[in-house]
Number of protein chains: 2
Amino acid sequence: MSFKVLKKCPDTGARRGVLTTRHGEINTPIFMPVGTRASVKAMSPEELVNLNAEVILGNTYHLFLKPGMDIMAKAGGLHKFMGWDRPILTDSGGFQVFSLSSLRKITKKGVHFASHIDGSRFFLGPEESMSIQRTLDSDIVMAFDECTPYPADYRTAEKSMRQTTLWEAVSRDQKLNDGQQLFGIVQGSMYKDLREESAKSLVDIGFEGYAVGGLSVGEPEDMMFEVLDWTVPHLPEEKPHYLMGVGTPGQLVESVARGIDMFDCVIPTRLARHGSAYISDGTTIPVKAGRYSEDFTPIDEKCDCYCCRNFTKAYIRHLLNVGEILGMRLLTLHNLYYFINLMREIRESLENDTFNEFRANCFNK
Amino acid sequence: MSFKVLKKCPDTGARRGVLTTRHGEINTPIFMPVGTRASVKAMSPEELVNLNAEVILGNTYHLFLKPGMDIMAKAGGLHKFMGWDRPILTDSGGFQVFSLSSLRKITKKGVHFASHIDGSRFFLGPEESMSIQRTLDSDIVMAFDECTPYPADYRTAEKSMRQTTLWEAVSRDQKLNDGQQLFGIVQGSMYKDLREESAKSLVDIGFEGYAVGGLSVGEPEDMMFEVLDWTVPHLPEEKPHYLMGVGTPGQLVESVARGIDMFDCVIPTRLARHGSAYISDGTTIPVKAGRYSEDFTPIDEKCDCYCCRNFTKAYIRHLLNVGEILGMRLLTLHNLYYFINLMREIRESLENDTFNEFRANCFNK
């Protein structure tokens with residue numbers, strides 16, 4: 001068993017666990033910084049280690065296009081290529097094929113598409129996705145799914161979910177490298193019976209972990225939580241539960257309460273590059289704004305990150321204002337620290353049986 | 001005496017020295033990374049300390065425009081503003097007024113100009129430059145000079161040099177903060193008698209250090225060295241000698257041999273952002289080139305920097321190719337390490353009486 005639930009919250013679905021991989025342990029609940037193109041944007045691997053990032057995500061679609069699998073195979077996989085020796089999870093490429101590429105043609109075998117970079121034609125299906133993720137040699141591999149558009153009518157959602165189930169079964173049949181773990185992805189849009197059917201079908205196939213996909217695609221936040229309430233109870237308790245592409249600090253806490261163990265999201269890094277910094281109450285401030293030009297206090301007085309220990313809003317605002325790279329670096333570092341630290345606090349509250357209080361008060365500082 | 005010559009090379013003009021400032025000692029010969037807008041581009045102060053950068057340069061012209069002196073005064077100076085507690089040298093703004101701004105009108109008091117950012121009108125003369133550098137509270141202040149264009153005919157160069165001498169005398173007359181040291185700047189274009197006259201006039205005024213300005217402006221390299229041969233012998237031996245805006249690794253070694261103690265240059269940081277990395281023989285390689293796409297060796301096998309210890313050319317090439325910030329970061333770090341380490345090797349060779357051999361062989365690795 002690679003996953004162990006160490007402790008359960010008696011009042012909610014929240015769990016404190018450990019997922020063991022070939023590259024070390026991951027303490028859950030965990031936030032995974034996104035390293036789309038073999039780099040967590042603006043960060044060095046050393047900084048990620050110092051931030052105590054225990055696992056990062058790489059994107060199959062992007063890495064397939066650039067640098068391409070010839071180079072990745074010769075490099076000996078993604079860990080060696082990017083100089084990261086902690087766990088890596090790779091997605092299946094499905095989401096990006098559906099959200100980034102063009103001229104898509106879907107067959108039973110997979111998707112023909114044109115690269116968003118130069119229009120070159122490619123084909124990606126479950127066999128190809130598993131082959132790429134074998135070459136990347138990630139620790140956690142995601143099954144190939146179709147990302148159902150939102151909103152989708154019932155018939156579209158049903159057809160898409162069943163296609164996903166078939167592709168995930170094919171994914172399961174592919175040989176992976178020793179020690180690679182395969183996670184299935186529940187789809188079914190915003191329909192309770194489809195989510196249930198998807199979850200049950202995947203459990204029948206059998207995976208090392210289960211993800212909830214197709215959320216954070218524009219639906220109201222309440223609906224996201226409702227889908228989790230429908231779905232998570234049908235996932236095996238003894239396996240890790242991963243909510244893909246979510247979310248805000250508040251969404252992370254609420255999803256943990258619904259039994260989610262793993263998260264990834266571009267929010268902290270993307271907002272940083274747009275000049276927004278997270279503060280104690282779970283919201284962001286626009287550091288580039290003129291009102292901070294003479295504010296010689298840190299972004300967050302209580303934050304212990306390198307940015308807040310050493311630099312003022314006035315300085316970071318100046319850096320952003322003149323386009324200095326250090327500005328984006330410092331905000332990225334701060335926001336990632338914020339997310340990673342929030343998950344650490346969640347884990348501690350679960351260990352101390354104080355998750356309920358933490359959930360109620362964590363953004364009322 | 002804030003400057004001490006510890007050792008002299010018996011065969012050349014090279015010296016090993018220590019310059020003491022309010023923010024610590026600077027071991028010479030030294031290379032100063034350029035932090036134009038209160039940031040050495042792409043680097044954090046922590047990385048600069050780890051690179052053993054003992055002093056950095058800030059640009060008066062840029063900081064005067066942004067963030068402006070109101071903010072800088074409220075921040076308590078440049079050190080506090082940018083979180084750097086080692087020595088800082090600021091230039092006078094003269095060079096940038098002449099190279100970046102437009103609509104210049106020169107009077108005896110200084111220069112009227114339009115900002116290169118938004119065309120706003122400003123005035124900068126020796127009184128203003130000293131006032132700004134007091135507000136920046138740098139450790140080493142540069143006198144205000146006119147940067148003579150190149151090439152310049154004799155009459156133009158003579159007039160410009162004499163204007164500079166007058167402005168430098170006015171600079172000397174201004175009150176500075178306790179412990180701030182003022183350096184004069186020798187001008188005189190490529191004319192021996194003008195360089196001599198300028199040096200002698202400045203020595204008469206009396207400064208804590210002497211810089212050679214107006215070089216690396218497009219003249220042949222031999223001419224740069226010739227100007228140093230004319231100029232340095234007229235500078236006080238017991239004061240530091242600073243060659244402004246120079247240069248390539250080879251130029252640094254040759255200028256040290258002619259008695260130069262301090263250097264600043266944007267070459268290592270600027271070339272890094274354009275994808276070029278320095279290697280042992282003193283040249284650069286274009287890491288973005290396709291021929292490195294499957295080169296899984298470091299930029300320089302013998303280099304001990306974070307970049308060369310952890311990453312391959314193939315990875316950095318990929319980062320540059322897809323526009324990931326980490327690519328520029330790693331090359332900037334490597335190139336700065338190269339320059340700082342070169343100066344360390346020069347200092348060691350002076351301590352060990354092996355400068356001549358070092359000079360002859362340092363790029364024949």
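Only one of the numbered conditions (1) touching a strand residue (DSSP E or B) at 6+ places or on another chain (Cβ under 9 Å); (2) aliphatic (A, V, I, L, M); (3) not in a helix (DSSP H, G or I) is violated by B:Met130, and that is (3). Every condition in (1) over 15 Å from B:Ser129 (Cα atoms); (2) in contact (Cβ under 8 Å) with a residue 60 or more places away in the chain; (3) within 14 Å of another protein chain (Cβ to nearest Cβ) is met by B:His79 except one, and the failing one is (2).
Among residues of the range A:53-75 that are within 10 Å of chain B (Cβ to nearest Cβ), those with a beta-carbon under 7 Å from a residue that is part of a helix (DSSP H, G or I) and of a type in the set (Gly, Ala, Ser) at least six positions away or on a different chain give the pairs A:Ile71/B:Ala314; A:Ala75/B:Ala314. Of all residues in the range A:82-106, those satisfying the criterion of being away from every other protein chain (no Cβ under 14 Å) and loosely packed, with under 15 Cβ neighbours inside 10 Å are A:Ser99, A:Ser102, A:Leu103, A:Arg104, A:Lys105. Within the range B:217-242, being assigned to a loop (DSSP other than H, G, I, E, B) and either touching a Cys at 6+ places or on another chain (Cβ under 7 Å) or touching a residue at least 40 places away in the same chain (Cβ under 8 Å) (or both) holds for B:Val217, B:Gly218, B:Glu219, B:Leu235, B:Glu237, B:Glu238, B:Lys239, B:Pro240. Condition first: at pLDDT 95 or above and among the hydrophobic types (A, V, I, L, M, F, W, C). Now tell me which residues in the range A:84-110 satisfy that. Within the range A:84-110, A:Trp84, A:Ile88, A:Leu89 meet the criteria. If you go through the range A:313-332 and pick out every residue that is more than 13 Å from B:Arg329 (Cα to Cα), touching a Leu at 6+ places or on another chain (Cβ under 7 Å) and facing chain B (nearest Cβ under 7 Å), you end up with 1. Would you mind stating whether A:Arg16 is without any contact (Cβ under 8 Å) to a residue 40 or more places away in the chain and either part of a loop (DSSP other than H, G, I, E, B) or more than 13 Å from chain B (Cβ to nearest Cβ) (or both)? It is false that A:Arg16 is without any contact (Cβ under 8 Å) to a residue 40 or more places away in the chain and either part of a loop (DSSP other than H, G, I, E, B) or more than 13 Å from chain B (Cβ to nearest Cβ) (or both). Taking the criterion of being aliphatic (A, V, I, L, M) and either within 16 Å of B:Asn177 (Cα to Cα) or under 19 Å from the mean Cα position of the chain (by Cα) (or both), the only residue of the range B:58-68 that qualifies is B:Leu63. Residues of the range A:155-205 being buried (at least 24 other Cβ atoms within 10 Å of the Cβ) and not in a helix (DSSP H, G or I), which ones? Hits for the range A:155-205 are A:Phe183, A:Gly184, A:Ile185, A:Val186, A:Gln187, A:Gly188, A:Ser189. Checked across the range A:39-51, the condition of being within 14 Å of another protein chain (Cβ to nearest Cβ), outside any loop (DSSP other than H, G, I, E, B), of a type in the set (Asp, Glu) and farther than 21 Å from B:Arg309 by Cα holds for no residue.
Residue check: is A:Phe263 assigned to a strand (DSSP E or B) and not polar (S, T, N, Q)? So A:Phe263 passes the test.
The values are calculated or read from the model by the stated rules, or taken from the named source; none is laboratory data. No experiment lies behind these values; they were computed from the predicted model shown. Don't worry about glycine lacking a Cβ; one is built from the backbone with ideal geometry, like all the others, and counts go over all protein chains shown.
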